[in-house]
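K.L.:
Quick one: structure below, then a few questions.
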Amino acid sequence: MIPDSREIELFRDVVYGQYRRYGRSFAWRETSDPYAIHVSEIMLQQTGTTRVASKYEEFLSEFPSYATLAASSTAEVLRVWSGLGYNRRAKYLRDSARIVIDRWNGVLPRDTETLTDLPGIGKNTAGAIVAFAYNTPVVFIETNIRRVFLHAFFAGREKVHDTELLPFIEATLDRASPREWYWALMDFGVFLAREFPNPNRRSAHHTRQAPFENSNRQIRGRVIALLADGRSHERDEIVRALAFPEQRVHAVIDDLSNEGLIAAENDALYIP
């Protein structure tokens, strides 16, 4: 049952109270620049805040605007992105910058539906960007927010779908200050993860991430690292340099080429 006004007030008091005492500080919380928020939200997909914090300002220093990012090569972007993993996100950002420049004259749209046209942006990432950049009261969910609502309103329930949580997120949303409210929710979710068994295990969307060691993600990272010197390398040279089955390395190289992260001309590989 959706909480009534009194329950909503109590819930907000708890969340805001924790935030005012223990709220986290990040560089991306000190700006409302849509470009910087866009960068941070793509970085925060599948990567923890500590690693993002060490890379965010370096990336913005190298590429301070959509225009500078749009003008960069894949190799230049991957060089700065190095260490964050999931390298296709770097290309998504660069390709998005080109779309923002070409289609919207360098101004990021304010509506979530339009933002989902950009590479690497789904409904929830679009919601986060709009909420944090424009302080717009949109509804979205991510892992820490999910944890809060499962803990507060779905105690004892298993396999809870996000579609059940979204009406609660909308009902409790502080429409006067959505930016700060979502920061507070996320920080409360981090607190819950430390103090309680993870409520997200009761989500229908909960999955355990496969180990990195001996994964295709590891092979992808190694291939990119070998090509990061800016030179062209023979495919067989790359395959021999990696201690993985040849068939797997060839398949990963083909995937990276199809995604545009690397280029293949005959048997020569390089980052464009």
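Since every read-out is calculated from the coordinates, none of them should be taken as a lab result. A quick note: this is a predicted structure, and the numbers were derived from the prediction, not measured. Note: ideal-geometry Cβ built from the backbone for every residue, glycine included; neighbour counts use all protein chains shown.
K.L.:
Filter the chymotrypsin sites (Phe, Trp or Tyr not before Pro) in the stretch 178-272 to those in DSSP coil with at most 15 other Cβ atoms within 10 Å of their Cβ, and list the result. Don't skip to the end; give the middle numbers.
P.N.:
Values: sites: TRP181, TYR182, TRP183, PHE188, PHE191, PHE212, TYR270; in loops: PHE212.
Hits after loop and neighbour filter: PHE212.
K.L.:
Taking Cα pairs under 8 Å and at least six residues apart, what relative contact order does the stretch 134-272 come out at, in percent?
P.N.:
On the way: 138 pairs, mean separation 31.8, N = 139.
It rounds to 23 percent for the stretch 134-272.
K.L.:
Here's something else I'd like to know. Which of the trypsin sites (Lys or Arg not before Pro) found in the stretch 213-272 are loop residues per DSSP with 15 or fewer other Cβ atoms within 10 Å of their Cβ? If you can, show how the numbers build up before the last one.
P.N.:
Numbers: sites: ARG217, ARG220, ARG222, ARG231, ARG235, ARG240, ARG248; in loops: ARG231.
The qualifying sites are ARG231.
K.L.:
What value, in deg cm²/dmol to 500, does the helix sum -39500 (n - 2.57) over DSSP H runs of n ≥ 4 give at 222 nm once divided by the residues of the chain?
P.N.:
Values: 14 runs with 162 residues, N = 272.
Helix contribution divided over all residues of the chain: -18500 deg cm²/dmol.
K.L.:
Work out the charge dipole of the chain with +1 on the Cβ of Lys and Arg and -1 on the Cβ of Asp and Glu about the Cα centre, then indicate which of VAL14, ALA90, SER72 is farthest towards its positive end.
P.N.:
The one lying farthest along the dipole's positive direction is VAL14.
K.L.:
Could you tell me which of PRO272, LEU256, PRO137 has its Cα farthest along the dipole of the chain towards the positive end, charges placed at Cβ (Lys, Arg +1; Asp, Glu -1), taken about the Cα centre?
P.N.:
Value: PRO137.
K.L.:
Which lysines, on any chain, are close to LYS123 with Cα under 23 Å apart, when same-chain ones fewer than 8 places away are left out?
P.N.:
The reachable lysines, counting only those whose Cα sits under 23 Å from LYS123, are LYS91, LYS159.
K.L.:
When only C-alpha pairs under 8 Å and at least 6 residues apart count, what is the relative contact order of the chain, in percent?
P.N.:
Details: 305 pairs, mean separation 48.4, N = 272.
That works out to 18 percent.
K.L.:
Same structure, new question: Could you pull out the GluC sites (Glu not before Pro) across the stretch 1-40 that fall in loop regions by DSSP (anything but H, G, I, E, B) with no more than 10 other Cβ atoms inside 10 Å?
P.N.:
Details: sites: GLU7, GLU9, GLU30; in loops: GLU30.
Hits after loop and neighbour filter: GLU30.
K.L.:
So, with +1 on the Cβ of K and R and -1 on the Cβ of D and E, and no other charges, what is the size of the charge dipole of the chain about its Cα centre, to the nearest 20 debye?
P.N.:
Working: 34 positive and 36 negative charges, 140 e Å.
Here the chain has a charge dipole of around 680 debye.
K.L.:
If you take the beta carbon distance between ASP117 and ILE2 as r and set R0 to 30 Å, what does 1/(1 + (r/R0)^6) give as a FRET efficiency, to the nearest 0.05?
P.N.:
On the way: r = 32 Å, r/R0 = 1.07.
Between ASP117 and ILE2 the formula returns 0.40.
K.L.:
Charges at C-beta only: +1 for Lys and Arg, -1 for Asp and Glu. How large is the resulting dipole of the stretch 216-270 about its Cα centre, in Debye rounded to 20? Show your work: numbers first, answer last.
P.N.:
Details: 7 positive and 10 negative charges, 61 e Å.
The dipole magnitude comes to about 300 debye.
K.L.:
In terms of modelled amide H atoms, which long-range or inter-chain residues lie less than 5 Å from the amide H of VAL160?
P.N.:
SER203, ALA204
K.L.:
Taking the Cα centre of the stretch 1-100 as the origin, how large is its charge dipole in debye, to the nearest 20, when only Lys and Arg (+1) and Asp and Glu (-1) carry charge on their Cβ atoms?
P.N.:
Numbers: 14 positive and 12 negative charges, 63 e Å.
It comes to approximately 300 debye.
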